[in-house]
Amino acid sequence: MCRKTNSSAQWHAACPAPVCWWAIPLAMAMVLASQWTGGMCPAAQTRPNILFIMADDHAAHAISAYGSRVNKTPNIDRLAKEGMRFDRCFVTNSICTPSRAVIMTGKYSHINGVPVFNRFDGSQPHLVKYLQAAGYYTAIVGKWHLGSDPTGFDYWNILPGQGVYYDPVFIEMGVRRKHTGYCTDLITEFTLKVLDGRPKDKPFFLMCHHKAPHRPWDPAERHAKKWQNVSIPEPPTFDDDYSTRSDAAREATMRIDRDLTARDVKQTPPPGLPPAELKKWKYQRYMQDYLACIDAVDEGVGQLLDYLERNGLAQNTIVIYTSDQGFFLGDHNWYDKRFIYTESLRMPFLVRWPAVVKPGTVNGDIIINADFAPTLLEAAGLAVPQDMQGRSFIRLLRGQTPADWRTAMYYRYYHYPAHHRVQPHYGLRTLRYTLVYFNKLDQWELYDLDRDPHEMNNVYNDPAYAETVKQLKEQLYKLKKELKDEDQFADNPPKDNV
Ligand code: CA
């Protein structure tokens, strides 16, 4: 029924009830939860609260705790300083809606039914339903983007679809209402309201999901001019000409120089700029707005952390900061995401949990977004359902990497041709290599990250790597099979309807 775990939590010792929360099946948890609501078990008060803060398209390399060359994020950095930074947190399908479905279910796109921008079937079991059934007060504020109404939440107040930055409409428990103000600030404000008004006799699970810094990158007025006269360094791969890659990179329509529109950069470029200068100019304009959007997110994180401290909640609240995927910040001459390449694949993932996580620690093991649900269930003392494909990384949070922890992860992207003509592909990311197969093109790429950390030199056809290719392919097909990817959506993914 449940995966065995050797972990035990400090709060467990504080519970006088003779119950092993780590091993109770869901049905029993539901019975116990109904007792907790009657105030019969004081242990309910000692289970950790969970504040899950997720931005949209916030690349790890635009967070100073991750060594950003382009900006400072002092509040998000507090989580790294007081908690753990994960350096290899990877998304299994690098695009908004699919990543959110993976986070909810702990299952890959081909199992949870959301490979592209299609509707999430909220009748399936998922993380939040399990937490709610176990007695957690569950709420979400901000970007949801899963098409169907949220299920498993006691309270929800979400943006319709992508939402807008200024004077956004929110849907609160089914009721649409237009608000005045800046979206990021409103999401922070509504999250604080939830914290304040929550039932105090239950632990909470609260998702604070920002729209920012997603396109169209409209900053708050107070940040609009902050970056105006700043020269933002260009990434080392800015002039990638894709010469060693498959046809996929050349086909993709997300280039800084060619595909960013005047609407995207919100200004007409100075007349007569030569192409190389125009590219630089567009990059500056793009990044100025992108980074200004992050400034408001960072301030919001600071307000939430301050609230937890002021209200004595910091000790017993797990705080996570992440993003639904990474993003290209001019890397390879791109904006957007989708590709398996590192800037898009990597999610920032910072966790503060004073009872468990040693401050200022860094973890280099491979974790994936399908692991979030199992981890949070285990943190809440619940069994991990066997059909979840991710694995709890609670032991990683304790600083103990299990000997059998994964050294490779499986990736698959489907969304084509919209919106940027990124060819469907699947592949393997290991500690050293990126192997990718563009299935419609029948073309492969291999990058040796030890020698080529920026993935610029495709060595798939280099005879020196023939044996490596063979081994990695075996590993790829094994993992694909284990994860039950039987090409369910290979040729015919569901229709977009989010
Ligand atoms: Ca996104």
Test: residue in the stretch 251-264 that is under 27 Å from P115 (Cβ atoms), assigned to a loop (DSSP other than H, G, I, E, B), of a type in the set (G, A, S) and at pLDDT 95 or above: yes
Residue satisfying all of: in the stretch 310-359; within 16 Å of the ligand (Cβ to nearest atom) and small (G, A, S); nearest to the chain's Cα centre (by Cα) among these: S323
Residue pairs meeting the criteria (Cβ under 7 Å; at least 6 apart or on separate chains; first closer than 16 Å to S94 by Cα and modelled with pLDDT of 95 or more, in the stretch 317-337; second assigned to a strand (DSSP E or B) and within 16 Å of the ligand (Cβ to nearest atom)): T322/M54; T322/F349; S323/M54; S323/A55; D324/M54; G326/R346; F328/W334
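Consider Y465 carefully, then state whether it is out of contact with any His (no Cβ under 7 Å at 6 or more places or on another chain) and either under 29 Å from I256 (Cα atoms) or assigned to a loop (DSSP other than H, G, I, E, B) (or both). Break it down stepwise before answering.
Working: out of contact with any His (no Cβ under 7 Å at 6 or more places or on another chain): yes; either under 29 Å from I256 (Cα atoms) or assigned to a loop (DSSP other than H, G, I, E, B) (or both): no.
Judged against the criteria, Y465 is not a match.
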Filter result (open to solvent by 20 Å² or more (accessible area, probe 1.4 Å), without any contact (Cβ under 8 Å) to a residue 24 or more places away in the chain and either in contact with a Pro (Cβ under 9 Å, 6 or more places away or on another chain) or within 16 Å of the ligand (Cβ to nearest atom) (or both)) within the stretch 89-133: none
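Considering every residue within the stretch 55-65, establish whether at least one is open to solvent by 10 Å² or more (accessible area, probe 1.4 Å) and within 16 Å of the ligand (Cβ to nearest atom). Spell out the reasoning first.
The initial filter retains those residues of the stretch 55-65 that are open to solvent by 10 Å² or more (accessible area, probe 1.4 Å), namely 61, 64-65.
Imposing the further condition that a residue be within 16 Å of the ligand (Cβ to nearest atom) reduces the set to 61.
Yes, because at least one residue in the stretch 55-65 is open to solvent by 10 Å² or more (accessible area, probe 1.4 Å) and within 16 Å of the ligand (Cβ to nearest atom).
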Single condition F372 does not satisfy, out of (1) under 30 Å from D241 (Cβ atoms); (2) within 16 Å of the ligand (Cβ to nearest atom); (3) buried (at least 24 other Cβ atoms within 10 Å of the Cβ): (1)
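The values are calculated or read from the model by the stated rules, or taken from the named source; none is laboratory data. These numbers come from a predicted model, not from an experiment. A quick note on method: Cβ atoms are made from the backbone with ideal geometry, for glycine too, and the neighbour counts reach across all protein chains shown. Calculation scope for accessible area: heavy atoms of the full protein, side chains included, ligands and nucleic acids excluded. Shrake-Rupley method; radii C 1.70, N 1.55, O 1.52, S 1.80 Å.
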